[in-house]
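These notes concern the structure reproduced below.
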Amino acid sequence: MTKHITHWIGGKPFTGTSDRVGDVYNPATGKVSGTVDFASRTEIDEAVAAAKAAFPAWRDASLSKRANVLFTFRELLVRDSAELAKIISSEHGKVESDAAGEVARGLEVVEFACGIPHLLKGGFSENVSTRVDAYSILQPLGVVAGITPFNFPAMVPMWMFPVAIACGNTFVLKPSEKDPSAAIKIAELWAEAGLPEGVFNVLHGDKVAVDGLLEHRDVKAVSFVGSTPIAHYIYETAARNGKRVQALGGAKNHMLVLPDADLDLAADAAVNAGFGSAGERCMAISALVAVEPIADELVAKIKQRVEGLTTGPGDDPSSDMGPLVTGVHRDKVATYLTSSVEQGADLVVDGREGLPQGDGFWLRPTLIDNVTAEMDCYKDEIFGPVLSVLRVSTFDEGMALIDANPYGNGTAIFTNDGGAARRFQNEVEVGMVGINVPIPVPMAYYSFGGWKASLFGDSHAHGTEGVHFYTRTKAVTARWLDPSHGGVNLGFPTNG
Ligand code: NAD
């Protein structure tokens, strides 16, 4: 028996009317576990129409009513977080404890959005002119869309919709077709929380669904998270269609280890950040930059830890790391192991060896040493359990390497030298920086986003930048009738 995953439109499941569907896999078995409807024009129009119809009442719902629904949603999410983690693990492959972590980080954004009455306060200036007041109001945009990647099927959508909905918008989510069930579970929780029908909708599908949203005249803003080529396409296409857009792209995250660092701490951090979620994290460390003379010692410590990792099914508590998301992706990642050796690197731990039994999409953690900036395994975002070590002679050489990379999502420095850390934080051309912290994902009340090819647009996700993205400001200048004012004057208004 395989499952069938439908859209969610107007507060209820909505079975696709086209005959286009996609297969959903259990990555640990390699078997198809279900099918998901792919939207055609009909469903795209249905979803946007439902969101548009729900907008007038939701934008006028009181701030306390909106906050109340969010508080209830938060309670339900906490109640069902273990179930949601199981759903994520079964389609993505990551271990359940890691999936629970992603739900917890998404929950933080819901909690941030519960404070929406405070976040939507505008400004007020009395007597900008005599007995004239001026004030600003933050208003929602209307129907907004979110297009999200496979690697965080709950957390990344939760970077978007809690803030968008709290601000009074209505939302159409187009989740990844590879692991679509988490979005439906979330939709059910919204319904149980009392969110009015049509405020949150889920539209499944591929490029057809995405393009339909990008071109739809009733979609006012688009938030995207995914790979850089698609992020760039989304940014250009949505902007051409007159929409507000934020498009977060791919990454190549460097960890710079200085000779004075605690090498055991650095080795632990490199392994956790390199191989957690099989390296399928936009904040994964994929390039470790060792400032000599520590590279040999550090590589030996990492190798020892990597060899102790257990790769297995996500629902087995003894697994440290699960399979990759699809067979196609696993095969692509494996090509970098071959090319790295061909191009002169040293394969210290080969993840193609000692794989678990069965047809799951397996690749074990891989460690490559003596990588250079010209090699494919460095130039490309691999998005798998592959950690490359590059050796440099100085701090400046390491900084130059990081800044020359086209991506600028996250980075980390490991050192006990406060001056070096401060210089790194000040100068590095990367949007999110960790100091002895390998995966510096900002808390919900800060904003998430990289620089350079890791983000197109000017707003990062969640935090106050999220509120800014999902609202537009209206400035009002008001004067109540006063007999002392009046008369005809064609001059430009000044503040007399
Ligand atoms: P992806 O770009 O393939 O897909 C992302 C979304 O775009 C999906 O919903 C997909 O259906 C849609 N899509 C795919 N191809 C499309 C096309 N040609 N036209 C229109 N829409 C299309 O990304 P993915 O493989 O699902 O996710 C992994 C990528 O996401 C990695 O590059 C990773 O770094 C990135 N990512 C970035 C961040 C960040 O915050 N910067 C966070 C998570 C993931």
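The values are calculated or read from the model by the stated rules, or taken from the named source; none is laboratory data. Predicted model, so just to flag it, every value in this text is computed and none were measured. Every residue, glycine among them, receives a Cβ derived from its backbone with ideal geometry; neighbour counts consider all protein chains shown.
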Task: Unmet criterion (only one of (1) free of Cβ contacts under 8 Å to residues at least 60 places away in the same chain; (2) within 16 Å of the ligand (Cβ to nearest atom)) for S181 - done: (1)
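For (1) of a type in the set (A, V, I, L, M); (2) within 22 Å of the chain's Cα centre (by Cα), each residue gets a yes or a no:
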| site | (1), (2) |
| --- | --- |
| M1 | yes, no |
| G10 | no, no |
| V69 | yes, no |
| E96 | no, yes |
- [ ] State whether one or more residues within segment 443-457 are charged (D, E, K, R) and either more than 13 Å from I402 (Cβ to Cβ) or within 15 Å of the ligand (Cβ to nearest atom) (or both).
- [x] yes
- [ ] Take F414 and decide whether it is at pLDDT 95 or above and closer than 30 Å to Y235 by Cα.
- [x] no
Task: From the options K31, K94, residue that is surrounded by 18 or more Cβ atoms within 10 Å (Cβ to Cβ) and basic (K, R) - done: K94
- [ ] Output the residue which, of all residues in segment 323-334 that are within 16 Å of K31 (Cβ to Cβ) and under 20 Å from the mean Cα position of the chain (by Cα), is surrounded by the most Cβ atoms within 10 Å (Cβ to Cβ).
- [x] L324
Open item on the list: When you check V467 against the structure, is it in contact with a helix residue (DSSP H, G or I) (Cβ under 9 Å, 6 or more places away or on another chain), part of a helix (DSSP H, G or I), of a type outside the set (K, R) and modelled with pLDDT of 95 or more, yes or no?
Closed with: yes
- [ ] Identify all residues within segment 309-365 that are over 21 Å from M375 (Cα atoms) and assigned to a helix (DSSP H, G or I); write none if there are none.
- [x] G327, V328
Task: Residue ID - nearest to the chain's Cα centre (by Cα), chosen from residues in segment 239-283 that are away from the ligand (no atom under 14 Å from the Cβ) and in a loop (DSSP other than H, G, I, E, B) - done: K243
- [ ] Check whether at least one residue in segment 85-95 is in contact with a strand residue (DSSP E or B) (Cβ under 8 Å, 6 or more places away or on another chain) and among the hydroxyl-bearing types (S, T, Y), and report yes or no.
- [x] yes
Task: Top-ranked residue in segment 199-238 [being under 29 Å from G410 (Cα atoms), polar (S, T, N, Q) and outside any helix (DSSP H, G or I); ranked as nearest to the ligand (Cβ to nearest atom)] - done: S227
Task: Residue that is farthest from M443 (Cα to Cα) [pool: residues in segment 97-112 that are surrounded by fewer than 24 Cβ atoms within 10 Å (Cβ to Cβ) and touching a residue at least 60 places away in the same chain (Cβ under 8 Å)] - done: S97
